[in-house]
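Trainee: Before we start, here is the structure in question, set down as structure tokens.
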Amino acid sequence: MNHSRKVDQDDIVRARNVLLASGRRTPREEVDAYRVLAQVGPAYLPLLVGALRRLSYDTGSGRKHASALALSEEAVAVARSIDAAEPARADVLYRALDACQKELYDVGRGAEGLVMRAEMVAIGRAQAELSGVPAVRGLREWAAGLSDEGRYAEAADVMTELIAAVLPDRPRGGALAWSLLDWIAALHDAGRSAETLAAFEALVNREAAEAVNDRSSMLCHLYALIGYARMLDTHGRGERASLVRQEALTLLTRLADTGERNIWSAYQTSFWGALLAFSGAERDRPAPDGPHPPSGAAPMHWSPDAKRRRSGGLQALREEVDALARSAAEDPDRHLAELVRLHHVLTVRSAVHWERSTHLFTEHVRSLFDDGVGLAHRLYRHDPVEGARALARILIDRSTFRAAARDLGPALDDFRQALRHLGEEAGS
């Protein structure tokens, strides 16, 4: 920005009057005033960046400006023009880049958004080095962007760096749990099985300790145990998986008998949804035309493009399931097992979508879980060997859904039935 350009003195006076006036000024008036003053005084540049960000998104109404991307790009350009010696420059530029990368992802320009995320991490690293704080700002967003691009090994490395920095401080609340979930997802997608299982065990241990100390929900501990058992099975650790399911059975039996000790927020349901995504990811086959959300990562950290692909494809997936159901009725030998798999994918995708869309999500997906169990029973009657495994898997998923819906007695019934189909001790 050219600070030496001559500006009309009347414009400067009007701009200052707008900012000094006691009445309420609009975001547009504020931006116009700072645009004028920033041309004659570099001290106004950070204020202009903030005004542009406020204009691009009205937090009061929750609506974006029609030119939100252009305003965000202008904010980045203005932030870059701040003198490098200015102490506040890094923070101002970081926030401007953060807002702009979100807009770029939202319009499908993820490659440009990822470049901005890389710059955010560079700023974060420089700040961390100066302050001595181990956690680098922007790592989670950078890892999510890398996963969006299919660069799973790099994403896993970034999340490993983040966890190594934050784990010693054990942040309170759900922040650490979400970071662990994202780490597990990145490691899993990168094919690093031993590290994935170690990370999952860390999540289980954390949830157990938090539940014992009344800092987290017992249900979150249950979901972590069930997810861990599923992951152990995926990586050929069946004996260990069976032991973990017994721990889950003990905990679920207690919950069905006494309920939670405390009343918790909707956090535990979101936690369930993130772990359920792992179940679907094992049987999902994403379309080859673009990236997909990391398996098991919290939906709040997916890119808007990935969210649209997952949610927008539900109707097409439902139509595919309906068509396959007709084929399975005519030729179950060829189509029934695939119908069970695809219906399970539809159920998991729908549950994750509706869980983050409405607190009434149970009414949108209850019938899907019930239909999935019914289909798995059909497969079990048709092919007892393959059907037993599929039925156990789907019963366990419905068990966790029922637990999330606070139907703990039926959840326990499902879980016990699943264990019997797996040939494991199911209790009485």
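Trainee: Going through segment 28-73 one residue at a time, which ones are crowded, with 18+ Cβ neighbours inside 10 Å and not in a helix (DSSP H, G or I)?
Mentor: Selection gives Q39, Y57.
Trainee: Would you confirm whether any residue within segment 142-151 is touching a residue at least 12 places away in the same chain (Cβ under 8 Å), more than 25 Å from A405 (Cα to Cα), touching a Phe, Trp or Tyr at 6+ places or on another chain (Cβ under 9 Å) and surrounded by fewer than 17 Cβ atoms within 10 Å (Cβ to Cβ)?
Mentor: No: zero hits.
Trainee: Please indicate, with yes or no, whether at least one residue in segment 361-371 is surrounded by fewer than 21 Cβ atoms within 10 Å (Cβ to Cβ) and within 20 Å of the chain's Cα centre (by Cα). Give the steps one after another, and end with the answer.
Mentor: In the first step, residues of segment 361-371 are kept if they are surrounded by fewer than 21 Cβ atoms within 10 Å (Cβ to Cβ); the result is 362-364, 366-367, 370-371.
Going one step further and asking which of them are within 20 Å of the chain's Cα centre (by Cα), we end up with 362.
Looking for residues that are surrounded by fewer than 21 Cβ atoms within 10 Å (Cβ to Cβ) and within 20 Å of the chain's Cα centre (by Cα), one finds at least one in segment 361-371, hence yes.
Trainee: Which members of segment 201-219 meet the condition of being surrounded by fewer than 16 Cβ atoms within 10 Å (Cβ to Cβ) and assigned to a loop (DSSP other than H, G, I, E, B)? Explain how you work it out, then say what you get.
Mentor: In the first step, residues of segment 201-219 are kept if they are surrounded by fewer than 16 Cβ atoms within 10 Å (Cβ to Cβ); the result is 205, 209, 212-215.
Passing the criteria: N213, D214, R215.
Trainee: Tally the residues that are buried (at least 21 other Cβ atoms within 10 Å of the Cβ) and under 25 Å from the mean Cα position of the chain (by Cα), restricting the search to segment 373-410.
Mentor: Counting residues in segment 373-410 that are buried (at least 21 other Cβ atoms within 10 Å of the Cβ) and under 25 Å from the mean Cα position of the chain (by Cα) gives 12.
Trainee: Would you mention how many residues in segment 108-161 are assigned to a loop (DSSP other than H, G, I, E, B), at pLDDT 90 or above, charged (D, E, K, R) and within 29 Å of L197 (Cα to Cα)?
Mentor: Qualifying residue count for the region: 2.
Trainee: Evaluate the following for S81: is it within 25 Å of R117 (Cα to Cα), hydroxyl-bearing (S, T, Y) and either surrounded by 14 or more Cβ atoms within 10 Å (Cβ to Cβ) or free of Cβ contacts under 8 Å to residues at least 24 places away in the same chain (or both)?
Mentor: yes
Trainee: A further question follows. Output the number of residues of segment 79-97 satisfying the condition of being assigned to a helix (DSSP H, G or I) and under 16 Å from M120 (Cα atoms). Step through it out loud before you land on a result.
Mentor: Of the residues in segment 79-97, the ones assigned to a helix (DSSP H, G or I) are 79-81, 89-97.
After this cut, where a residue has to be under 16 Å from M120 (Cα atoms) as well, the list is 79-80, 89-97.
Total meeting the criteria: 11.
Trainee: State the number of residues belonging to segment 220-235 that are in contact (Cβ under 8 Å) with a residue 40 or more places away in the chain, crowded, with 17+ Cβ neighbours inside 10 Å and within 30 Å of D148 (Cβ to Cβ).
Mentor: From segment 220-235, those in contact (Cβ under 8 Å) with a residue 40 or more places away in the chain are 220, 222-224, 226-227, 230-231, 234-235; that's our starting set.
Still in the running and crowded, with 17+ Cβ neighbours inside 10 Å: 220, 222-224, 226-227, 230-231, 234.
From what is left, the residues that are within 30 Å of D148 (Cβ to Cβ) are 220, 223-224, 226-227, 230-231, 234.
Here the count works out to 8.
Trainee: Can L379 be described as part of a helix (DSSP H, G or I), more than 23 Å from E424 (Cβ to Cβ), without any contact (Cβ under 8 Å) to a residue 60 or more places away in the chain and not charged (D, E, K, R)?
Mentor: When the stated conditions are applied, L379 does not pass them.
Trainee: Just a yes or no: is a residue in segment 385-405 more than 16 Å from V244 (Cα to Cα), aliphatic (A, V, I, L, M) and assigned to a loop (DSSP other than H, G, I, E, B)?
Mentor: yes
The values are calculated or read from the model by the stated rules, or taken from the named source; none is laboratory data. Bear in mind the structure is a predicted one, so any value in this text is a computation, not a measurement. Virtual Cβ from ideal backbone geometry, glycine too; neighbours counted across all protein chains shown.
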